[in-house]
Amino acid sequence: MIWDEKIECMDLEEKKELQLKRLQKIVKKAYENVPFYKDKFDEVGIKAEDIETLEDIAKLPFTTKTNLRDAYPFGMFAVPEDEIIEIHTSSGTTGKPTVSGYTEKDLEIWSEVCARAITMSLGTKGDRIQNCYGYGLFTGGLGIHYGSHKVGANIVPISAGNTKRQIEIMEDFQTTILTCTPSYALYLAEVLEKKGLKPEEISLKSGIFGAEMWTEEMRDELEKRLGITALNIYGLTEVMGPGVANECPEKAGLHISDDHFYPEIIDLKTKEPVPDGEKGELVITTLTRDGMPIIRFRTKDITSITHEKCKCGRTLTRMSRITGRSDDMLKIRGVIVFPSQIERALLKINGLTPNYQIVVTRPGHLDELEVKVETSKELFSDEMRKMEAIEQNIANAIHNEIGLRVNVTLVEPETLPRSEGKAVRVIDKRKFD
Ligand code: DLL
């Protein structure tokens, strides 16, 4: 099913016209109402009238997370403060959080794009959606909540945490759709298995997983262990929250709601736009955001886009699965490594769980990378030699993927920390050494 066929399957030329009209309007609004944009545009001598084609977007300066932080808390708002009716923030783990303000119109658009995402993920009226994304300042919980109301599904606003209760509710309410981070979904699968519950004994049909990086291999694992179709949802606080993009069951990339969020991919070094299919950093411009227009936001997320029509009939721009963030990118002895490459290598080996942690240190002058990975109960052995052979096997698989020798440590099942939200995969101790 398609939530809004008229928009989601729109003729490309017609959509470009719509996007251009909206772009011109939002650039004008940003210039006239947000001093930050006025100063920035004046600095490079660009005016709203200079945007005559969609390609002209490249003339506009970028907006970064630091810019948003500098405007903390409300400096990016383009409307009087009393028109803002809801506020969310990013987690702020690396500094002051960034604030996102929503007017009534913004909440309507957010509900709409999340309704599209839920529909792409097989959700419809009559479904029971167990929403384990956190409610609160995090956008995950409420974004899905609004979208579910729009679709007319039955939302169970359980929020994150309390795993025992999650399982109980899943069984008693016969939840059909699960929404959480993929790492938490994996933990729920483990707990279900421990209870002796088989996928066919629970009612789940699909999962809407996102808010963190995950791989195709992780998808296979989740689909098998939960008996579901696992689909990928993407979004970020600065731009709106979840629902910026979502996969349909074709699993051929995430459909970006590009009538609201205009995507570009830029080269990591030159910052110039790259053609379809080429990887780079995703840059997003909000085309309709009322309370807080965001012009050319550098997401740091690495992906590629295509404008080709999907087999499902949608013409929305598709982005490939995020393979990492430019700031997650580890440089180990000069070699660029993404955590997703390690996850991919690990999940190719039978009997390993996707529970892992990457620890980077620099004991002397050289970087050391240690990958801690949990074995399954079946694989775990008291025999030293057997364990060493498995570690060697994993080290080889990682070497094949990244071209570097790393230290692998197998740890006992269920000893690495489980997260209820975004998993912490990398511990980089170099900064503190
Ligand atoms: O994570 C919004 C969200 C909530 C998305 C629920 C999906 C589901 P932030 O906390 O601001 O917002 O984090 C945004 O998370 O820039 C990406 O680096 C990462 N991220 C989000 N979705 C995905 C995904 C929410 N599907 C940051 N795959 C983004 C990979 C993702 N990374």
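Here are the numbers:
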read-out	value
Single residue of region 354-375 satisfying the filter (of a type outside the set (D, E, K, R) and open to solvent by 20 Å² or more (accessible area, probe 1.4 Å)) that is modelled with the highest pLDDT	GLN357
Enumeration of residues in region 328-351 that are in a loop (DSSP other than H, G, I, E, B) and more than 16 Å from the ligand (Cβ to nearest atom)	ARG333, GLY334, LYS348, ILE349, ASN350, GLY351
Filter result for ILE2 (in contact (Cβ under 8 Å) with a residue 60 or more places away in the chain and either open to solvent by 30 Å² or more (accessible area, probe 1.4 Å) or not aromatic (Phe, Trp, Tyr) (or both))	yes
Positions within region 157-181 being of a type in the set (A, V, I, L, M) and assigned to a helix (DSSP H, G or I), in sequence order	ILE167, ILE169, MET170
Hits in region 115-134 - residues which are within 12 Å of the ligand (Cβ to nearest atom) and part of a loop (DSSP other than H, G, I, E, B)	SER121, CYS132, TYR133, GLY134
Of all residues in region 182-213 being open to solvent by 40 Å² or more (accessible area, probe 1.4 Å) and not in a helix (DSSP H, G or I), the one that is nearest to ASN246 (Cα to Cα)	MET213
Search result, residues across region 110-126 that are within 13 Å of THR179 (Cβ to Cβ) and open to solvent by 10 Å² or more (accessible area, probe 1.4 Å)	LEU122
Count - residues of region 340-353 that are under 14 Å from ARG425 (Cα atoms) and open to solvent by less than 10 Å² (accessible area, probe 1.4 Å)	4
Hey, LEU268 surrounded by fewer than 17 Cβ atoms within 10 Å (Cβ to Cβ), within 16 Å of the ligand (Cβ to nearest atom) and over 21 Å from ARG22 (Cα atoms) or not	yes
Test result for ASP56, out of contact with any Lys or Arg (no Cβ under 9 Å at 6 or more places or on another chain), free of Cβ contacts under 8 Å to residues at least 24 places away in the same chain and open to solvent by less than 40 Å² (accessible area, probe 1.4 Å)	yes
Pick from region 64-86, criterion surrounded by 15 or more Cβ atoms within 10 Å (Cβ to Cβ) and hydrophobic (A, V, I, L, M, F, W, C), ranking: farthest from the chain's Cα centre (by Cα)	VAL79
Residue check for ILE394: away from the ligand (no atom under 16 Å from the Cβ), of a type outside the set (Lys, Arg), exposed (fewer than 15 other Cβ atoms within 10 Å of the Cβ) and modelled with pLDDT of 90 or more	no
Within region 299-325, tally of residues that are open to solvent by 30 Å² or more (accessible area, probe 1.4 Å), under 18 Å from VAL274 (Cβ atoms) and more than 10 Å from the ligand (Cβ to nearest atom)	4
Tally, over region 352-410, of residues that are more than 28 Å from the chain's Cα centre (by Cα) and not in a helix (DSSP H, G or I)	18
Only listed residue being modelled with pLDDT of 95 or more, part of a loop (DSSP other than H, G, I, E, B), surrounded by fewer than 20 Cβ atoms within 10 Å (Cβ to Cβ) and not aromatic (Phe, Trp, Tyr), chosen from LEU137, LEU107	LEU137
Region 193-237: number of residues that are within 16 Å of the ligand (Cβ to nearest atom) and basic (Lys, Arg)	1
Flag if ILE118 is in contact with a helix residue (DSSP H, G or I) (Cβ under 8 Å, 6 or more places away or on another chain) and either small (Gly, Ala, Ser) or touching a residue at least 24 places away in the same chain (Cβ under 8 Å) (or both)	yes
Test: residue in region 161-177 that is under 30 Å from ASP290 (Cβ atoms) and surrounded by 20 or more Cβ atoms within 10 Å (Cβ to Cβ)	yes
Residue within region 170-189 that is more than 16 Å from the ligand (Cβ to nearest atom), more than 29 Å from ARG425 (Cβ to Cβ) and of a type in the set (Gly, Ala, Ser) present	no
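Conditions tested, residue by residue: (1) closer than 26 Å to VAL274 by Cβ; (2) open to solvent by less than 20 Å² (accessible area, probe 1.4 Å); (3) basic (Lys, Arg).
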residue: LEU20; (1), (2), (3): yes, no, no
residue: LYS25; (1), (2), (3): no, no, yes
residue: LYS29; (1), (2), (3): no, no, yes
residue: ILE51; (1), (2), (3): yes, yes, no
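The values are calculated or read from the model by the stated rules, or taken from the named source; none is laboratory data. Please read these numbers as outputs of a predicted model, since none were measured by experiment. Cβ: placed from backbone, ideal geometry, glycine included. Neighbour counts: every protein chain shown. Areas reflect the complete protein model, heavy atoms only, side chains present, ligands, DNA and RNA absent. Shrake-Rupley method; radii C 1.70, N 1.55, O 1.52, S 1.80 Å.
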